[in-house]
Amino acid sequence: MHLDFKEIPAGNKEGASQGDFEHFAREFLQLLGYIIVGHPGPGVDGGQDLIVEKAFQRDVGHLRLRYLVSCKHYAHSGHAVGVRDEVNIFERMHRHACNGFIGFYSTKATKGLYDQLEGGPKPIEFQIFDATTIEKHLTNSSPVEVKSLLSMFLPASGTKFIEQHFVASINSSDGGVLGSSTFETLVAANMTAMILLEIDRIEHDYISIEWDKTEEGLGMLARFERRNNPMIAKRMFDLLNNVAVLTRGKMPNNVAQSVFWLVCGFFPMDDDLDTLAHRNEMGVIGNEIAFGLVYDATIYLNDLAVAKWGLLIFKYFYMKRNRQSTLEIRKDVLKRYKELKDTLKREDWSDLSKAQRLVQLFKQDLEVNQLGWPPLPPDLAD
């Protein structure tokens with residue numbers, strides 16, 4: 001089964017997205033390890049070129065090449081890309097400081113175009129990705145990434161392509177005992193592993209008391225919500241707990257708000273009894289996150305704005321008692337409130353009266369089935 005590139009609208013079709021094929025090219029090249037560094041703008045044919053870079057190991061050592069990418073989507077006409085279609089290749093390369101050329105085509109290139117590229121004013125690195133070579137590279141790539149790419153741009157022929165080249169090969173190597181459902185399981189497992197690695201990377205590179213970087217890292221994590229499962233949720237809550245530990249390093253309000261929304265986004269929502277133990281575990285960790293925010297924000301920072309987001313996490317879990325949450329989580333919320341109350345009324349802590357009142361007002365509001373601040377007096381509202 002070959003991919004049907006006519007699924008991608010022609011660039012000159014009225015009402016069609018002019019950039020669909022160029023977007024496909026961008027995602028495909030990223031899949032192969034190219035780095036997208038620029039969009040120089042419309043070419044002479046109205047097509048949107050790209051600038052990409054990739055590092056290679058050659059005999060002379062480590063080499064990084066910069067390529068001009070020219071995209072031509074002629075699948076609807078079947079027209080091969082020739083010299084007349086690729087105008088001023090070498091001038092365009094020079095204009096954008098490129099030392100390589102990539103032709104990305106939904107049909108094929110003519111011999112004349114190959115001759116032009118090979119006989120230029122000076123030798124250049126070039127690569128032609130046509131319909132055939134695109135398929136070849138996809139069959140040698142990760143099934144998870146290929147499935148994601150094709151589902152976006154070639155959903156009909158892409159599904160059959162995956163079944164033929166990935167499910168069939170798995171069945172063949174395993175004596176024919178694996179079917180498409182097993183393949184989907186393998187894809188899901190691979191996707192989870194990739195997400196867990198990415199969460200590890202984000203925590204390592206972004207999470208610290210450099211709060212601007214932490215906020216950026218937390219923003220990156222939100223995209224994994226639609227892929228949430230017990231393993232991802234547990235890893236995410238552990239990371240958020242580590243962020244809460246940093247509260248006393250003068251956590252700003254926007255970071256505390258991001259923590260709240262990520263807790264809500266990654267808490268498991270299934271009512272299946274099989275997930276009961278997992279939800280209990282996540283609820284306890286979530287309450288630990290909330291306690292960390294409130295304790296450090298009130299005791300060390302006197303920052304009621306940050307504390308409110310921790311208290312709102314308590315409310316989030318408490319409100320779910322009639323649905324996902326369990327009696328154990330609800331009891332844990334009340335236990336945490338008692339610990340906060342006992343801590344804040346200690347005589348050796350100074351000027352915690354506002355924090356005491358704030359915690360008490362939020363506790364009294366637990367039975368109100370609405371997620372938000374309780375009515376607060378002016379001195380606690382800001």
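All of the numbers you see were taken from the coordinates with simple rules; none came from a lab. The structure displayed is predicted, hence computed values, not measured ones. Here the Cβ positions follow ideal geometry from the backbone for every residue, glycine too, while neighbour counts run over all protein chains shown.
Results, tabulated for the structure shown:
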quantity	calculated
Stretch gain in nm, segment Asn88-His23, where the contour uses 0.36 nm per residue and the Cα spacing is subtracted	21.1 nm
Amide H contacts of Ser208 (H built 1.01 Å from N, under 5 Å, at least 5 apart or other chain)	Thr214
Peptides ranked, highest mean first, by Cβ atoms within 10 Å: ranges 233-241, 195-203	233-241, 195-203
